[in-house]
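Novice: Before I ask anything, let me first share the structure, which is written out below as structure tokens.
The values are calculated or read from the model by the stated rules, or taken from the named source; none is laboratory data. For clarity, every value in this text was computed on a predicted model and none was experimentally measured. Neighbour counts are summed over all protein chains in view; Cβ atoms, including those assigned to glycine, are modelled from backbone coordinates with ideal geometry. Surface areas here come from the heavy atoms of the whole protein model, side chains and all, with no ligands, DNA or RNA. Shrake-Rupley method; radii C 1.70, N 1.55, O 1.52, S 1.80 Å.
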Amino acid sequence: MKTAARIWLIAALTECLIYAFIFKGIEAIPIVAIIALVGGFPGMLALAFGIELIHMIWEEGNKKWQAIFLLTLFASNGTLCLFLLLISADFSHLDLPYFLVVNVAALTGFFCSLSSIRKHYFSPEPEPTDVTHQSPYQFNQDYDKN
């Protein structure tokens, strides 16, 4: 969940910066930030549950990386489609490159979070150690000599 939230926040920040560059002004950043954070929340939840599902299904390897990569793009594009359907936007007359901006933002979030993804989903699990003889909570076996 923490990794998906990190990807989501980086993507929302990137989206704000791209739209500020497109609109040539910093005035658009608060509005775009609210829309990106609130509108992208369902995508973040889908990404979080999807990454956990992928982690349970696949072991280490390229298929797992590819699945997480494609899930990131699917979650961002799906969330944008839901948002555009919610505001009744006509997909044939979109003036701004919404899908391009969302994909660039999602990929930026993905690539900035590679270390977090690698740490949480690709690092080997620690092997259990036998602590029966090393426990600081062992009881002393002092027998009563009365």
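Novice: Kindly indicate whether any position in segment 1-22 is assigned to a helix (DSSP H, G or I), without any contact (Cβ under 8 Å) to a residue 24 or more places away in the chain, of a type outside the set (A, V, I, L, M) and under 19 Å from CYS112 (Cβ atoms).
Specialist: Yes: segment 1-22 contains one or more residues that are assigned to a helix (DSSP H, G or I), without any contact (Cβ under 8 Å) to a residue 24 or more places away in the chain, of a type outside the set (A, V, I, L, M) and under 19 Å from CYS112 (Cβ atoms).
Novice: If you don't mind, there's one more thing I want to ask. Taking the condition of being without any contact (Cβ under 8 Å) to a residue 12 or more places away in the chain and farther than 20 Å from ASN103 by Cβ, how many residues in segment 59-89 meet it?
Specialist: 5
Novice: Quick check on my filter: what residues within segment 58-91 are closer than 18 Å to PRO124 by Cβ and either open to solvent by 40 Å² or more (accessible area, probe 1.4 Å) or not in a helix (DSSP H, G or I) (or both)?
Specialist: Within segment 58-91, the subset closer than 18 Å to PRO124 by Cβ is 58-65, 68.
If the condition is that a residue be closer than 18 Å to PRO124 by Cβ and either open to solvent by 40 Å² or more (accessible area, probe 1.4 Å) or not in a helix (DSSP H, G or I) (or both), then TRP58, GLU59, GLU60, GLY61, ASN62, LYS63, TRP65 are the ones that fit.
Novice: Mind checking which residues of segment 23-72 are more than 17 Å from ALA106 (Cβ to Cβ) and aliphatic (A, V, I, L, M)?
Specialist: Answer for segment 23-72, where residues must be more than 17 Å from ALA106 (Cβ to Cβ) and aliphatic (A, V, I, L, M): ILE26, ALA28, ILE29, ILE31, ILE34, LEU53, MET56, ILE57.
Novice: Can you tell me which residue is modelled with the highest pLDDT among those in segment 92-103 that are in a loop (DSSP other than H, G, I, E, B) and open to solvent by less than 80 Å² (accessible area, probe 1.4 Å)? Spell out the reasoning first.
Specialist: Of the residues in segment 92-103, the ones in a loop (DSSP other than H, G, I, E, B) are 94-97.
Going one step further and asking which of them are open to solvent by less than 80 Å² (accessible area, probe 1.4 Å), we end up with 94, 96-97.
Details: LEU94: 72, LEU96: 74, PRO97: 83.
Among residues in segment 92-103 that are in a loop (DSSP other than H, G, I, E, B) and open to solvent by less than 80 Å² (accessible area, probe 1.4 Å), the one modelled with the highest pLDDT is PRO97.
Novice: Out of segment 19-38, which residues are surrounded by fewer than 20 Cβ atoms within 10 Å (Cβ to Cβ) and either within 22 Å of LEU70 (Cβ to Cβ) or within 14 Å of the chain's Cα centre (by Cα) (or both)?
Specialist: Within segment 19-38, LEU37 is the sole residue that qualifies.
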